[in-house]
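Encoded as structure tokens, the structure appears first; notes follow it.
The values are calculated or read from the model by the stated rules, or taken from the named source; none is laboratory data. Only a predicted model underlies this, so the values are computations on that prediction, with no experimental measurement involved. Cβ coordinates were reconstructed from backbone atoms using ideal geometry, including for glycine residues, and neighbour counts include every protein chain displayed. Remember, those area values only see protein heavy atoms, side chains included, never the ligands or the DNA or RNA. Shrake-Rupley method; radii C 1.70, N 1.55, O 1.52, S 1.80 Å.
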Amino acid sequence: MIYTVTFNPSLDYIVSVDDFTCGIVNRTTDEIIFPGGKGINVSMVLKNLGFENTALGFLAGFTGNRIQELLEEKGVRTDFISVEKGISRINVKLRSREETEINGQGPAIAEMDIKKLYEKLDTLSDGDILVLAGSIPDVMPGSMYMDIMKHLQNKDLKIVVDATKDLLVNVLQYHPFLIKPNNHELGEIFGVKIGNKADVITYAKKMQEKGARNVLVSMAGDGAVLVAEDGSIFQSEAPKGKVVNSVGAGDSMVAGFIAGYLEDGSYGKAFQMGVCTGSASAFSEELATKAEVIALLDSNKKLFAGEQ
């Protein structure tokens, strides 16, 4: 079974305004509402690719109810913890001459809520996959990812971590199956600027030395690199296409990697699926569908010809 954890889910309210101006009444030309959060995005894309999974995390209030309803409409299995105080956040994304975002705070997650999460995680079985993705709300311990991995270290789980800076570095000692920084995040960890794939490979190997098993690094329009635990290295340019919405592209890459790996245990297949799933989401208003991913895989075979 695959599980994802999203600590601070959201309703993403995306509005378009032709010529947004401060200080006056502006009217939208288009409105879309999505369930949001990195782990939730992974869950939705996995479902689109045909892989059942369970979304875990914390929900509160009427917004939390709507997040759950939207996920159920998409066929995603959920097992969220209901938080008493506050509401799940609404993130407003304004599209106009410039894109602007206003992100909400989220509910007040209590100690008993965290305890309930651990109780759910204790039910995971050997062989399960757990995805920890996104930021940690201020009301929770900053060591949460590390604490979870320490708590679960005696289980034979494949744990995927998509986080930044200390959240990511602190879990490496517990040997996550996969980490997915982008090239800028990887550079921040080591205090360097990473501008090409050779640099990515160098510093991805340093992350392996710190404990990561597989390091998948996204580079936006410059493609991606995978440094795998068996010593193989895979790299490619990005598939060609028009970027419509980059939100969720990195999460989609994670979902695609998991789906590709589960199909035949091949890191090469996992890498190809990850790259094409991330791009398929970037080229679409919504998250990638299986048909869109397969189309990109079929039309971009030359991208992967140089894999090592």
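Please list the non-local residues whose amide H lies under 5 Å from the amide H of Gly104, H modeled 1.01 Å from N, same-chain partners needing a gap of 5 or more.
Ile90, Asn91, Val92
What does DSSP give for the chain in terms of the percent of beta bridges that are antiparallel, rounded to the nearest 5?
Taking every DSSP beta bridge with both residues in the chain, the antiparallel ones total about 40 percent.
What translational D, rounded to a whole number of µm²/s, comes out for region 78-129 from Stokes-Einstein when the hydrodynamic radius is the Kirkwood one over Cα pairs, at 25 °C and 0.890 mPa s?
Estimated via Stokes-Einstein, D reaches 176 µm²/s.
Could you give the Stokes-Einstein D for region 209-308 in µm² per second, using the C-alpha Kirkwood radius, 4 °C, 1.567 mPa s?
For these conditions, the coefficient is 98 µm²/s.
Taking only protein heavy atoms into account and a 1.4 Å probe, give the accessible area per residue of region 144-293 in Å².
Spelled out: the 1.4 Å probe surface of region 144-293, per residue, equals 40 Å².
Cβ under 10 Å from Phe177's Cβ, Phe177 left aside: what net charge do those residues give with Lys, Arg +1 and Asp, Glu -1?
Numbers: positive: Lys158, Arg213; negative: Glu229.
Net charge in that neighbourhood comes out at +1.
To the nearest 500 deg cm²/dmol, what mean residue ellipticity at 222 nm is calculated for the chain from DSSP H runs of n ≥ 4 alone, each contributing -39,500 (n - 2.57), summed and divided by the residues? Spell out each step's value before the answer.
On the way: 10 runs with 111 residues, N = 308.
One gets -11000 deg cm²/dmol as the mean residue ellipticity at 222 nm.
Where the only charges are on Cβ atoms (+1 Lys, Arg; -1 Asp, Glu), what is the dipole of the chain about its Cα centre, to the nearest 20 debye?
Taking the Cα centre of the chain as origin, the dipole is about 400 debye.
Rounded to a whole number, what % of the accessible area of the chain do carbon and sulfur atoms account for, probe 1.4 Å? Intermediate values should be presented prior to the final figure.
Values: 6710 of 14110 Å².
About 48 percent, which is the carbon plus sulfur part of the accessible surface.
Along the charge dipole of the chain, Cβ charges K/R +1 and D/E -1, which of Cys22, Leu152, Tyr261 sits furthest on the positive end?
Tyr261
Bin by bin, in steps of 20 Å, what percent of the Cα pairs in the chain do you find, going until the bin that has the longest distance?
34, 59, 7
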